[in-house]
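Scroll down for the structure; my scribbles are underneath it.
The values are calculated or read from the model by the stated rules, or taken from the named source; none is laboratory data. These numbers were taken from a predicted model, which means no experiment stands behind them. Neighbour counts are summed over all protein chains in view; Cβ atoms, including those assigned to glycine, are modelled from backbone coordinates with ideal geometry.
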There are 2 protein chains.
Amino acid sequence: MLELAILGLLQETPMHGYELRKELVTKLGTFRAAISYGTLYPTLKRLQTAGWITETESDPSMIPPMTSKRGRVVYKITADGKERFADLLAQAGPETYDDAGFGVHFAFFSRTDRATRLRILEGRRRRIEERREGLRDVLSRAAGRLDAYTLELQRHGLDACEREVRWLEELITNERSGRAPAGSAGTLDIPAAEQPRERAAEDASPETPRPQQDRP
Amino acid sequence: MLELAILGLLQETPMHGYELRKELVTKLGTFRAAISYGTLYPTLKRLQTAGWITETESDPSMIPPMTSKRGRVVYKITADGKERFADLLAQAGPETYDDAGFGVHFAFFSRTDRATRLRILEGRRRRIEERREGLRDVLSRAAGRLDAYTLELQRHGLDACEREVRWLEELITNERSGRAPAGSAGTLDIPAAEQPRERAAEDASPETPRPQQDRP
DNA sequence: GTTGCGATGTATCGGGCCGATACATCGGGG
DNA sequence: CCCCGATGTATCGGCCCGATACATCGCAAC
């Protein structure tokens with residue numbers, strides 16, 4: 001799962017570990033609290049061994065900090081890595097439908113074809129519906145056997161399931177009718193910007209230095 | 001985490017692995033899909049080594065199936081185990097507030113004193129509020145930087161957080177005013193039964209054979 | 001009747017992921 | 001000047017999961 005996420009982020013731009021982690025948190029933070037370094041670094045090593053990414057010493061652009069000294073290993077995706085990413089994105093196994101797996105796949109939906117998007121959304125819906133049915137069974141059949149707190153827990157879980165199914169159904173409807181993911185929330189007013197950022201596949205240019213984010 | 005759950009269930013009645021797993025699924029199913037045997041059996045071994053539970057060969061009561069043959073190891077909690085359970089129930093570390101930890105603790109709230117219940121509910125609320133603030137930051141500050149799908153994901157996550165905070169607040173209010181966990185759902189009509197089941201601490205009697213559950 | 005299938009039941013193995021921990025560097029405030 | 005917090009890389013022990021491999025029982029189909 002992390003493999004897919006890392007490949008996806010490195011496809012946008014090369015990064016070093018620390019940066020990568022921050023991006024992971026903001027893009028997938030909903031499903032994973034932190035993405036521990038104890039996971040990240042071994043995974044990076046694994047991806048490197050497999051040949052999906054390469055390690056380039058302290059890059060030349062050197063935007064703001066670190067004059068030049070120790071490490072700061074920058075990782076970059078390879079051609080094989082891009083292929084691997086495409087494969088992982090397209091194929092949907094059972095692990096695609098659990099919380100973490102679905103979150104990662106969904107986060108890259110703008111780079112996924114509509115057929116796959118629909119397949120994943122429907123698979124996820126099925127998964128949640130099963131969980132929902134299980135909870136309904138417990139609540140109707142075993143109600144007397146459980147204490148008030150356990151029941152309240154099940155009820156809350158059931159509520160969350162029903163809500164997520166509705167959410168998925170809305171997304172599926174939108175997909176089928178060709179619309180974008182709605183964005184119905186009234187608080188924000190992003191004019192459906194999206195900005196496809198059509199970057200040419202083999203783009204290895206110096207990269208715009210990226211608008212420095214959250215640097216105070 | 002699993003340790004606490006197993007100890008809690010075995011405090012109600014001795015069980016063998018398969019049975020234990022089913023109970024785990026129905027009581028904690030909201031937070032853990034299955035509780036793999038690859039986790040359960042090693043954990044049981046660990047608890048046994050620590051002296052919290054003991055292994056008793058194929059019990060005499062032998063309710064319906066299995067005339068008598070191979071295994072069916074029945075596990076039983078020890079006096080040390082009960083002490084351990086009480087300790088784990090009362091103390092609340094950071095791991096008490098993540099999804100899994102909170103679920104397990106909550107499931108045993110009817111055996112937890114009110115002070116601890118409040119401490120845990122408030123800790124959990126704080127945790128979710130932090131996650132919520134993080135999502136709000138992303139949605140307001142980094143909105144333009146993210147694609148429509150990622151935004152939708154964050155929005156859905158934010159919604160879930162807000163909903164859970166409200167749920168927790170309701171529970172906290174109820175705790176403070178001394179009421180039971182509400183049970184506001186109109187579909188079920190359990191008359192706040194709860195049934196404290198005040199079992200004497202050192203109860204080692206033959207146990208009522210348990211009303212055979214879900215055997216068709 | 002026997003054959004075979006699905007539920008019950010116990011157990012291990014490899015691997016992903018996490019929290020804790022240990023380093024080292026840099027910029028800035030006391 | 002010195003320490004603190006952010007940045008940055010890395011490892012270790014341990015929990016937990018999915019896959020897999022067994023063996024037994026009840027039952028239904030053939």
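For the range A:25-46, a residue qualifies if it is near DNA strand C (Cβ under 10 Å from one of its atoms) and more than 14 Å from chain B (Cβ to nearest Cβ), and the qualifying residues are A:Tyr37, A:Gly38, A:Thr39, A:Leu40, A:Tyr41, A:Pro42, A:Thr43, A:Arg46.
Beta carbons closer than 8 Å, at least 6 apart along the sequence or on distinct chains, pair a first residue in the range B:70-91 that is within 14 Å of chain A (Cβ to nearest Cβ) with a second that is within 16 Å of DNA strand D (Cβ to nearest atom) and among the small types (Gly, Ala, Ser) for B:Leu89/B:Gly8. Test A:Gly93 against the criterion of being at pLDDT 90 or above and in the same structural domain as A:Thr30 (by TED's automatic domain parsing), and give yes or no. No. Assess whether B:Thr208 counts as being of a type in the set (Val, Ile, Thr) and either over 24 Å from the mean Cα position of the chain (by Cα) or modelled with pLDDT under 85 (or both). Judged against the criteria, B:Thr208 is a match. Scanning the range B:99-134 for residues that are at the interface with another protein chain (Cβ under 7 Å from one of its Cβ atoms) and either farther than 29 Å from A:Leu146 by Cβ or in a loop (DSSP other than H, G, I, E, B) (or both) yields one hit, B:Gly134. Can you find a residue in the range B:149-166 that is at pLDDT below 95, at the interface with chain A (Cβ under 9 Å from one of its Cβ atoms) and over 21 Å from A:Phe102 (Cα atoms)? No; the residues of the range B:149-166 include none that is at pLDDT below 95, at the interface with chain A (Cβ under 9 Å from one of its Cβ atoms) and over 21 Å from A:Phe102 (Cα atoms).
Does the range A:1-56 hold any residues that are outside any helix (DSSP H, G or I) and among the basic types (Lys, Arg), and which are they? If the condition is that a residue be outside any helix (DSSP H, G or I) and among the basic types (Lys, Arg), then A:Arg32 is the only one that fits. A count restricted to the range A:44-77 and to residues that are among the hydroxyl-bearing types (Ser, Thr, Tyr) and modelled with pLDDT of 50 or more stands at 5. Applying the condition of being without any contact (Cβ under 8 Å) to a residue 40 or more places away in the chain and surrounded by fewer than 17 Cβ atoms within 10 Å (Cβ to Cβ) to the range B:146-173 and asking which residue is farthest from B:Asp113 (Cα to Cα) yields B:Asp159.
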